[in-house]
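Student: Here it is: the structure, laid out below.
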Amino acid sequence: MNDKHSHASEHHHHSSSSTNDRVFNQGADRLRTPERVERLEIERVVNSSLEGKKIQSVLDIGTGSGLFAEAFHKRSLTVAGVDSNPSMVSAANNFLPDSVIKLAPAEVLPFNDKSFDMTFFGVVFHEVDNYQKALQEAYRVSLNRTAILEWDYKVEDFGPPIEHRLRSEFIKNLADEAGYTNFSVIKLKSLVLYLLDK
């Protein structure tokens, strides 16, 4: 069933809408492969993100296909999401029909100040265009906490190359500049969870 070649050729001329849908869904499926889901340690990340604070609402920034948003939703939290990729917004909408998922970049969140108890970046913070602005926006719309799940700063045979990974000190400096008063680091199997509390 490994027909990589036919998929590759499909990408070049997607005039028909059915091909478009297939390409989009492939994108969402790639974000939900068993290996990736296992590496993300979703349950543990969700537990740790919620620990020690009263959190009832979460904004998942760069939600992708809504993997983390879905996990927070299963905890009976009010969940919203943003993504700058329209195909991901529609994928997330499929997985989370009851939630508000908007098309927006991390740097300009279409929500009022303190709209959410917590904001969350699930392995997307390293991809934002402007780190300072993205974190200031997360700070603005959060009441209590921002949780940032990121790749460890080391060379590994999975995930992005080292030059796309962020050092803990870098994230801590950004957190201080944005006004967070508390910064803690939780080391997971292959990822790092940063908790930035106001």
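Student: Does Glu156 satisfy the criteria of being more than 24 Å from Ser57 (Cα to Cα) and either modelled with pLDDT under 95 or assigned to a strand (DSSP E or B) (or both)?
Tutor: Here the answer is yes, as Glu156 does meet what is asked.
Student: Under 9 Å between Cβ atoms, which residue pairs at least 6 apart in sequence (or on different chains) link something in segment 152-166 that is free of Cβ contacts under 8 Å to residues at least 12 places away in the same chain and surrounded by 10 or more Cβ atoms within 10 Å (Cβ to Cβ) with a partner that is part of a loop (DSSP other than H, G, I, E, B) and acidic (Asp, Glu)?
Tutor: The qualifying pairs are Ile162/Glu156.
Student: If you don't mind, there's one more thing I want to ask. What number of residues in segment 94-140 are assigned to a loop (DSSP other than H, G, I, E, B) and of a type outside the set (Gly, Ala, Ser)?
Tutor: The number of residues fulfilling the criteria is 17.
Student: Being of a type in the set (A, V, I, L, M, F, W, C) and within 15 Å of Thr181 (Cβ to Cβ) is the filter here; which residues of segment 122-146 pass it?
Tutor: The answer is Leu135, Ala138, Leu143.
Student: For segment 1-60: of the residues being surrounded by 10 or more Cβ atoms within 10 Å (Cβ to Cβ), assigned to a loop (DSSP other than H, G, I, E, B) and at pLDDT below 95, which is nearest to the chain's Cα centre (by Cα)?
Tutor: This residue is Leu31.
Student: While we're looking at this one, here's another question. With the requirement that a residue be touching a Lys or Arg at 6+ places or on another chain (Cβ under 8 Å) and part of a loop (DSSP other than H, G, I, E, B), what does segment 61-93 give you?
Tutor: Correct list: Ser65 only.
Student: Still on this structure, I have one more. Six or more apart or on different chains, Cβ under 7 Å: which pairs go from a residue in segment 91-111 that's over 21 Å from Val123 (Cβ atoms) to one that's part of a loop (DSSP other than H, G, I, E, B)? Could you list them?
Tutor: Listed by first residue and then by second, the contacts come to Pro110/Ala104.
The values are calculated or read from the model by the stated rules, or taken from the named source; none is laboratory data. All values derive from a computational prediction rather than experimental measurement. Neighbour counts are summed over all protein chains in view; Cβ atoms, including those assigned to glycine, are modelled from backbone coordinates with ideal geometry.
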